[in-house]
Amino acid sequence: MPTASDILDQHVTLRYRSVDRLFLNGYIPLLQTPGALMCFLERDGPIASPALLQRRSDAFVRDLKAYAAAHEVPWIAFARKERKEERIRPLFRAAERAGRSGLVAVGVAQERMNAWHGRPRPTPRGSVTFDWSWRSVCVNHFYLYILDGDCGPSFIKIAGYAPWGIRVWLNGHEWLKRQLARRGVAFGELDNGIRSCERPEVLTDLAARFGPAEVRRYFARWMAELPQPLTAADRAAGHGHALSMLQVEVSDTAVFDRPVRGRQWFEAQIPQLLTTGRPGQIGLLFERRVQKNTPSRFKTEVVSSTTLPTIRFTYKHSAVKQYLKEGRALRTETTFGDPYDVGIGRRLDNLPKLIERGQRVNAKLLELEAAVDDARLAGPELTCLTRPVRDERGRRTAALRLGDLRVMALLAALVAIFARHLAAGFGNAQLRRIVADLLGVPLEEYTSAKMTYDLGRLAGHGLIAGLPRTRRYQLTPFGLRAAAFLTELADRVLDPGIARCASPPPSPEHSVWRSLERALDEIVHHAGLAA
């Protein structure tokens, strides 16, 4: 069976990076404090009362119903826990077949939100004023499903009560398809993706253009067209919606020449990806320090509802996922559930930074997979590592004994540190945290002195090299290949082989030697080393 790296290098017909789904929050900055809310309401009447807010909400619903009726758009009341996407998808398809754009449907659902609550309070003059505070309430939310000429199927959800929060959902792949069609570039479609493209360079260039400007154009176009609680006078006075990021998906898509290549890639990669969800590995992928109190479930999930598996790693509110699109394309996708997870603000202006970070996470995962898969032991023999050595000055370097728990943790840590591609190298503290995590011991138990001793062993055997005039090190090319090979050999061949040695022969007529031969053949085949 070919290796995973060979499949990506030799059997990919199209490769591109793009934004996938984008979920945004819309809020009115000048309606977020009680004082600002009262100033807003005093434009409508002498008393800033909840009745003024309700009057605006009622007017919005009346205008929206009139707009839907005028455009012959269905008004749908969603049932509790109904899958809205499945209900609306046929309406989008019908509109696309008819060549229509604009509002496709209005969906209404009761959902919980934080809204303004006014509590009446008498004044010394005998009149009444209101004290405003936030309260969790369940109100109608209006889903405005839009087939946009630039962005395709999308929706804007508007809350039915003040401060009239908004959610916006867009799909970067749908935007990409329409831009290609507008430029006359022929392409084949995947479900939420591109399968083939006549001019891949145009596809790559367009995918890199999607950003805040395209999102704002879409939002401004439809907020000017559709009914909303804020009037034109309100918006002119500065009471407009601002956008921030709730969830952003950044994807890397590699389309294979044959569907079988996708299955082969997963068969080759799943065994070695089972440890990627550990805290040390996830910290390297997201370039964030993972501590004991970091809120996340550090594990690798392999989900297979059919014959096509999905690999998933999580970090706080974010996740990395690899799966097959229609059995034909490998999709590596980083989903940021909260930009603060990676130290980036939620303002829409920060979207390019978040896209760039997502692309780096995807690229690091693919590079790590390729490095581990391609690593081959070359140069010195195994005995050169597993026996003590002396340098030209006669200084002795202790052995790196294969199978020793601490040595195997050191080798795995070297593979993990490779994912950072640090130009400045790595130091004692960085490698020590990873080794302690792999050993499953507190950092205090694996001391800095022990790490210093192990760094000397690694340097003496040529796996790492010290950087001049610093106390930092770099992984050597031989070090990466040796560490990756020995780690994979132990995990995928030696440990399963020792376990098989403890098992009895399948039947008395089989000799012990024949049984071991068959077990070894099976282990090597499943480890992907036969090719």
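The values are calculated or read from the model by the stated rules, or taken from the named source; none is laboratory data. Just so it is clear, the model here is predicted, and its values are computed rather than measured. Backbone-built Cβ (ideal geometry, glycine too); neighbour counts: all protein chains shown. Surface areas here come from the heavy atoms of the whole protein model, side chains and all, with no ligands, DNA or RNA. Shrake-Rupley method; radii C 1.70, N 1.55, O 1.52, S 1.80 Å.
Among the residues of the stretch 235-264, count how many are without any contact (Cβ under 8 Å) to a residue 40 or more places away in the chain and over 30 Å from residue 329 (Cα atoms). Spell out how you get there, then give the answer.
From the stretch 235-264, those without any contact (Cβ under 8 Å) to a residue 40 or more places away in the chain are 235-236, 260; that's our starting set.
Filter once more, keeping what is over 30 Å from residue 329 (Cα atoms): 235-236.
Residues flagged as without any contact (Cβ under 8 Å) to a residue 40 or more places away in the chain and over 30 Å from residue 329 (Cα atoms) within the stretch 235-264 amount to 2.
Inspect all residues belonging to the stretch 157-171 and state whether any of them is within 20 Å of residue 36 (Cα to Cα), β-branched (Val, Ile, Thr) and assigned to a strand (DSSP E or B). Walk me through how you get there before you give the answer.
In the first step, residues of the stretch 157-171 are kept if they are within 20 Å of residue 36 (Cα to Cα); the result is 159-166.
Narrowing further to those that are β-branched (Val, Ile, Thr): 166.
Then drop every residue that is not assigned to a strand (DSSP E or B), which leaves 166.
Yes: one or more hits.
So that you can scan it fast, the table gives a plain yes or no per residue for (1) aliphatic (A, V, I, L, M); (2) buried (at least 19 other Cβ atoms within 10 Å of the Cβ); (3) part of a strand (DSSP E or B); (4) over 30 Å from the mean Cα position of the chain (by Cα):
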{"site": "95", "(1), (2), (3), (4)": "yes, yes, no, yes"}
{"site": "100", "(1), (2), (3), (4)": "no, no, no, yes"}
{"site": "109", "(1), (2), (3), (4)": "yes, no, yes, no"}
{"site": "125", "(1), (2), (3), (4)": "no, no, no, yes"}
{"site": "131", "(1), (2), (3), (4)": "no, no, yes, yes"}
{"site": "134", "(1), (2), (3), (4)": "no, no, yes, yes"}
{"site": "137", "(1), (2), (3), (4)": "yes, no, yes, yes"}
{"site": "140", "(1), (2), (3), (4)": "no, no, yes, yes"}
{"site": "144", "(1), (2), (3), (4)": "yes, yes, yes, no"}
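Could you tell me whether any residue of the stretch 135-145 is touching a His at 6+ places or on another chain (Cβ under 8 Å) and not small (Gly, Ala, Ser)? If you could, list the steps in order and put the result at the bottom.
So in the stretch 135-145, the residues touching a His at 6+ places or on another chain (Cβ under 8 Å) come out as 135, 137.
Now drop any that are not not small (Gly, Ala, Ser), which leaves 135, 137.
So far as the stretch 135-145 goes, yes, one or more of its residues are touching a His at 6+ places or on another chain (Cβ under 8 Å) and not small (Gly, Ala, Ser).
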Odd one out for residue 179, checked against (1) within 24 Å of residue 111 (Cβ to Cβ); (2) of a type in the set (S, T, N, Q); (3) in a helix (DSSP H, G or I): (1)
Helices (runs of 4 or more DSSP H) contained entirely in the stretch 192-245, each with at least 2 residues that are β-branched (Val, Ile, Thr) and open to solvent by 40 Å² or more (accessible area, probe 1.4 Å): none
Scan of the stretch 48-76 for residues that are in a strand (DSSP E or B) and open to solvent by less than 80 Å² (accessible area, probe 1.4 Å), ordered by number: 76
Test set (1) surrounded by fewer than 21 Cβ atoms within 10 Å (Cβ to Cβ); (2) over 27 Å from residue 349 (Cα atoms) - residue 118 fails condition number: (1)
Number of positions in the stretch 22-47 that are surrounded by 14 or more Cβ atoms within 10 Å (Cβ to Cβ) and touching a residue at least 24 places away in the same chain (Cβ under 8 Å): 14
Total residues in the stretch 406-430, condition touching an Asp or Glu at 6+ places or on another chain (Cβ under 8 Å), modelled with pLDDT under 90 and open to solvent by less than 50 Å² (accessible area, probe 1.4 Å): 1
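If I filter the stretch 256-264 for residues that are assigned to a helix (DSSP H, G or I) and open to solvent by less than 20 Å² (accessible area, probe 1.4 Å), do I get at least one hit?
Within the stretch 256-264, the first condition is being assigned to a helix (DSSP H, G or I), and the residues that meet it are 259-264.
Restricting the remaining residues to those that are open to solvent by less than 20 Å² (accessible area, probe 1.4 Å) gives 262.
Taking every residue of the stretch 256-264 in turn, at least one turns out to be assigned to a helix (DSSP H, G or I) and open to solvent by less than 20 Å² (accessible area, probe 1.4 Å).
I need the full set of residues from the stretch 1-46 which are acidic (Asp, Glu) and under 29 Å from the mean Cα position of the chain (by Cα), in order please. Show your work before the answer.
Just the residues of the stretch 1-46 that are acidic (Asp, Glu), to begin with: 6, 9, 20, 42, 44.
Those that are acidic (Asp, Glu) and under 29 Å from the mean Cα position of the chain (by Cα): 6, 9, 20.
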Odd one out for residue 173 among (1) surrounded by 19 or more Cβ atoms within 10 Å (Cβ to Cβ); (2) more than 24 Å from residue 235 (Cα to Cα); (3) touching a helix residue (DSSP H, G or I) at 6+ places or on another chain (Cβ under 7 Å): (3)
